[in-house]
Amino acid sequence: MEQQTSLRTNLQLGIYKVIDPVVKVFIKLGLTPNAVTSIGFALNVGVAVIFIFGAEEGNRGDLSYVGWAGGLILFAGLFDMLDGQVARLGNMKSTFGALYDSVLDRYSELIMFLGICYYLVGHHYFLSSLFAFVALIGSMMVSYVRARAEGLGIECKGGLMQRPERVVTIGLCAVLCGITSLYIGGDYKIYFPGTKFQIFETMSIFTIPIAVLAVLTNITAFNRLVDAKKSLMEHE
């Protein structure tokens with residue numbers, strides 16, 4: 001767990017070095033941390049719009065909407081880091097700002113998954129839409145367990161599938177799905193030899209990671225609950 005935390009911290013520090021010049025530009029432009037958070041939220045609304053538009057106007061084999069939505073997910077996720085750095089480097093930290101950031105992060109994730117579920121249902125990926133909904137539940141519970149534990153005075157930040165990991169996984173796989181469809185087609189399928197049982201299709205590049213997220217997010221939430229219980233018992 002300590003090695004995982006250390007790796008994650010070092011990765012964050014490396015990313016901060018890259019984005020700090022952008023952060024300084026934002027500060028010079030007069031953008032507040034709350035404004036940056038709001039921009040990130042608006043971008044996630046755009047993600048949902050792309051998915052919904054793709055469900056209504058696109059066809060099952062056209063995965064370009066998935067690719068564009070993935071790119072916007074990654075871009076919007078960048079603002080999750082930018083707002084914190086704007087607060088730190090601009091000396092604009094506030095208790096309400098931290099609360100505002102957390103609340104809009106939850107709304108952003110809910111809206112993103114709304115778009116994903118709408119797209120999957122719209123193109124008849126019913127099982128994948130179920131996994132997406134379970135992933136949404138797990139994502140919310142990962143955040144809720146941490147918030148509830150910290151409200152009881154217990155630090156609870158561990159786990160594999162925290163928000164940055166979720167954003168990168170969904171965004172990157174969506175982009176790869178969209179790009180791959182340009183080369184092999186959106187309707188490419190692989191069947192189990194000698195049968196009509198389908199074991200892979202282009203969309204699987206996006207839907208399989210969502211299924212993995214559905215499992216890992218809920219495991220992360222449960223592990224946080226167990227860790228919080230141990231910490232509470234030590235304090236009693």
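Data for the structure
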| read-out | value |
| --- | --- |
| Single match in SER143, SER204, SER181, SER139 (criterion: within 16 Å of GLY54 (Cα to Cα) and among the polar types (S, T, N, Q)) | SER181 |
| Qualifying residues in segment 18-44 (those that are over 17 Å from ASP101 (Cβ atoms) and either open to solvent by 50 Å² or more (accessible area, probe 1.4 Å) or in contact with a Lys or Arg (Cβ under 9 Å, 6 or more places away or on another chain) (or both)) - the one modelled with the lowest pLDDT | VAL18 |
| Counted residues, segment 194-236 - those being open to solvent by less than 10 Å² (accessible area, probe 1.4 Å), among the polar types (S, T, N, Q) and assigned to a helix (DSSP H, G or I) | 2 |
| Single condition PRO193 does not satisfy, out of (1) at negative phi; (2) in contact with a helix residue (DSSP H, G or I) (Cβ under 9 Å, 6 or more places away or on another chain) | (2) |
| Residues that are of a type in the set (S, T, N, Q) and farther than 15 Å from VAL36 by Cβ, drawn from segment 92-124 | THR95 |
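Yes/no per residue for (1) farther than 20 Å from MET140 by Cα; (2) small (Gly, Ala, Ser):
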| position | (1), (2) |
| --- | --- |
| PHE79 | no, no |
| ALA87 | yes, yes |
| ASN91 | yes, no |
| SER94 | yes, yes |
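The values are calculated or read from the model by the stated rules, or taken from the named source; none is laboratory data. These numbers were taken from a predicted model, which means no experiment stands behind them. Every residue, glycine as well, gets a Cβ built from its backbone with ideal geometry; the counts of neighbours run over all protein chains shown. In case anyone asks, the SASA skips ligands and DNA or RNA and just uses the protein heavy atoms, side chains included. Shrake-Rupley method; radii C 1.70, N 1.55, O 1.52, S 1.80 Å.
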